[in-house]
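The numbers here are math on the coordinates, done by the rules we state, and not lab data. Note that this is a predicted model, so its numbers are computed, not measured. Every residue, glycine as well, gets a Cβ built from its backbone with ideal geometry; the counts of neighbours run over all protein chains shown.
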């Protein structure tokens with residue numbers, strides 16, 4: 001597992017935790033902080049998805065088919 005895959009895994013775990021905490025937040029202030037953290041994690045997840053979807057250096061964007 002490379003660094004970006006591990007980061008994506010940790011980020012996905014954080015997203016789930018923040019969603020659960022936000023849904024059970026006691027007051028509006030706590031909920032606001034958790035929703036801000038959730039938004040930051042969602043943005044980071046989107047960036048990691050972009051990085052992981054790009055072809056690795058030396059690979060073509062499409063796989064060559066051998067005949």
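For a footprinting-style exposure proxy, rank 3, 32 by other Cβ within 10 Å, fewest first. Before the final figure, lay out the partial values.
Details: 3 8, 32 12.
Going from least to most buried by this count: 3, 32.
Full extension of the chain between residue 19 and residue 35 gives 5.0 nm of extra length, using 0.36 nm per residue less the Cα-Cα distance. Post the alpha-carbon centroid distance, the stretch 1-27 to the stretch 38-57, in whole angstrom. Measuring centre to centre over Cα atoms gives 14 Å.
Relative to the present Cα-Cα distance, how much length would full extension add between residue 49 and residue 9 at 0.36 nm per residue of separation? Kindly include the intermediate steps, with their values, before the conclusion.
Values: separation 40, 0.36 × 40 = 14.40 nm, distance 1.09 nm.
That works out to 13.3 nm of additional length.
Residues 17, 26, arranged from fewest to most other Cβ atoms within 10 angstrom of their Cβ, appear as 26, 17.
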